[in-house]
Amino acid sequence: MLGFPAFTGHGEPGRQGHSEAATRASVESALHAAADFEAGEITVSVSGSYVILEGFVRRRGDVERAVEIAEGVVGRCYVRARLLRR
């Protein structure tokens, strides 16, 4: 975890009571704060309880790293990745 605590104890699974904008902003901040990861071509959106990551990554393992970072914010199993490696 990068210092972005998971949202806990707010009711709705995944976002757990936070607005879509707050959830999206938190995930974007966490992705951009990761020193070992380039998030410039990733778009974050929210659909229901799920965070959707779309776009492109450059290195092998970056898809998994992006999901790991997002799950650190919203919790395990609430992230869907639609990322392609260039």
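Every read-out reported here was derived from the displayed coordinates using simple, explicitly stated rules and does not represent laboratory data. Here the structure is a predicted model, which means the values were calculated and not measured. All Cβ positions, glycine included, derive from the backbone under ideal geometry; neighbour counts span all protein chains shown.
Structural remarks
- Summarised as an ellipsoid, the range 20-85 has semi-axes of 17, 12, 11 Å, derived from the eigenvalues of the Cα gyration tensor scaled by 5 and square-rooted, with the largest first.
- The Cβ shell under 10 Å around Leu31 holds other residues with a net charge of -1, Lys and Arg each +1, Asp and Glu each -1.
- Extended-chain gain in nm, criterion 0.36 nm per residue less alpha-carbon gap, Arg82 and Ala35: 14.7 nm
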